[in-house]
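In what follows, a single structure is set out as structure tokens and then discussed.
The values are calculated or read from the model by the stated rules, or taken from the named source; none is laboratory data. Every value quoted in this text rests on a predicted model; they were computed, and no experiment measured them. A quick note on method: Cβ atoms are made from the backbone with ideal geometry, for glycine too, and the neighbour counts reach across all protein chains shown. For accessibility, only protein heavy atoms count, side chains too; no ligands or nucleic acids. Shrake-Rupley method; radii C 1.70, N 1.55, O 1.52, S 1.80 Å.
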Amino acid sequence: MTIGIPQNAETVPFRKHWQSCVGSSHAVYALRRDYAEQLRLVHEELGIQRVRFHGIFCDDMHTYHKMSDFLPIPGGGRYTEKSFRWCGGAYDTVLAAGMQPFVELSFMPRHLAKRNRRGLFYYKPCISPPRSPEAWYGYIQAFIRFLIDRYGVEEVREWYFEVWNEPDLTLPFFAGSRQDYFLRLYGTTVRAIKDVDGALRVGGPSTSGSKWVPELLEYCRKEGLPIDFVTTHEYAGDPLGGLEDNGKDEKMKISMDLLAGVRLRKTLPHDRMLDLYRAVSKTDRVTDSLNPDALIRFSWRARRDAGELPVFYTEWNMCASFSAPCNDTRMQAAYLVHAILGTQDTIDGSSVWCFTDLFEELHPFPEEFHGGFGLLTQSGIRKPAYHVLKMLADAGEERFLLPPAEGGMWMPRPSVRKTESRCC
């Protein structure tokens, strides 16, 4: 293949929005030494400035207890205690790596939950809305005051606070409606944070498939609620939800055909759990339904809807199917280049999902290459996606504008949007 660059080719700034943040597993992993070492590596070699993880409020972070949890005495349930010391340990790891957190405010401590609904994933987060908006308001304020006391207000003002994760997906992440998210979660949370310090930055809706952006902005306008930035997610292939939003509250539909009727025949490989899971979930065929232009197309819609607000894609990648073999291959690396170059004028900051296979949303498979989402394996081996981000990190600060290849993928012309990135 020959690539020709005309002598008079126009150049534009190369906006490395993917360097603003990277995703990772849930918060308790940030207390591990191997996690900390790999996090420092992606900062030093790839130039990534922030990290985002789920579950800072999960029960394994021990933020909210009742006396009856450990001493079953009469009336013990009336005595409660908030503690964010483990949260501080996780954020200490991030800061020690030379980075800052992109704070995802999730999930619900079980004692504050409207009901004890658990997500589908391995670590079983509580995904219910709060039982009492007033109690949630006080809890969030206590958390914010803890951060300011520990790190100083000037430091915390540089962080971003994102309300929840993918509330449009009701089975894995949020056991409530869109209105529950707008009112009970976003509305209560943003008021609680701004009432402590109005300069702190809060945003959402953190949805899958670029959903709910205009709806949340309209809700904030009507209710007089602040919103400082927009966050959403997009994958080229996503088994958990569609790319389009019909404007109505919708329940996520998962085809149980993957599990129902499966019979373990002699021809079905099941020597390893990984083989069996791949056979059942058909992750070896996910590339058949990839839409490689999804992030490019839908980020233009999010950019239009957000107006002057920064747009952050706080999760994105080629494939959202855990254990898919393509996650470990150069195919994913090629996709990252295509998507990064195609979103120069729409995305202010983004977070590739995710930086390491130290991760257990579905199961901590022990195989080194098991189709995990990470740029690095569990032992820190660099995958093709890691190497391509290193190549882009080492690239210059300008890019050439070339005509699209004949028959190439849909690509907007860069330089439509003149504003610079407002993230990091």
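Observations
- FRET efficiency, 1/(1 + (r/R0)^6) with R0 30 Å, evaluated for Ala395 and Asp92 via beta carbons: 0.40
- Taking only the C-alpha atoms of the range 29-177, the Rg (one decimal) and the largest Cα-Cα distance, Dmax (whole number), read 16.3, 56 Å.
- Residues in the range 311-326 carry Karplus couplings, in order, of 10, 10, 8, 7, 8, 6, 4, 6, 10, 9, 9, 5, 6, 5, x, 5 Hz; the curve used is 6.51 cos²θ - 1.76 cosθ + 1.60 with θ = phi - 60°, and Gly or Pro positions show x.
- Amide H contacts of Ala113: Arg131, each under 5 Å away and 5 or more positions distant or on a separate chain (H built 1.01 Å from N in the peptide plane; Pro and chain starts excluded).
- Averaging Cα coordinates gives a centre for the range 99-150 and one for the range 335-363; these two points are 25 Å apart.
- Using the Cβ-Cβ distance between Ala199 and Glu223 with R0 = 30 Å, the FRET efficiency computed as 1/(1 + (r/R0)^6) comes to roughly 0.90.
- Nearest-0.05 FRET efficiency for Glu367 and His65, computed from C-beta distance (R0 35 Å): 0.45
- Accessible area (Å², 1.4 Å probe, nearest 10) - Asp59: 50
- Close amide H partners of Arg50, meaning residues 5 or more places away or on another chain with modelled amide H under 5 Å apart, are Cys21, Val22, Gln100.
- For Gly372, the residues 5 or more places off, or on other chains, whose built amide H falls under 5 Å of its own are Ser323.
- Taking each of Lys194/Lys222; Lys16/Lys390; Lys66/Lys124; Lys124/Lys390; Lys82/Lys222; Lys82/Lys114 in turn, the alpha-carbon distance tops 23 angstrom for Lys124/Lys390; Lys82/Lys222.
- Across the range 330-404, C-alpha contacts under 8 Å between residues 6 or more apart give a mean separation that, scaled by the residue count, equals a relative contact order of 33 percent.
- Among beta bridges from DSSP that stay inside the chain, the antiparallel ones total about 25%.
- Ranked from largest to smallest solvent-accessible area, with a 1.4 Å probe on the protein heavy atoms, Glu154, Glu162, Glu361, Glu368 come out as Glu154, Glu368, Glu361, Glu162.
- Near Glu81: Cβ cut-off under 15 Å, other residues only, Lys/Arg at +1 and Asp/Glu at -1. The net charge is +3.
- Local net charge near Asp305, Cβ-Cβ under 10 Å (Lys/Arg +1, Asp/Glu -1): +1
- Seen through its C-alpha gyration tensor, with square-root eigenvalues sorted a ≥ b ≥ c, the range 356-396 comes out prolate because a/c lies at 1.5 or above while a/b is bigger than b/c.
- Matching label, P(r) over Cα pairs in 20 Å bins from 0, in percent computed from the structure shown, candidates [x] 26, 58, 15, 1, 0; [y] 24, 56, 19, 1; [z] 22, 44, 22, 8, 3, 0: [x]
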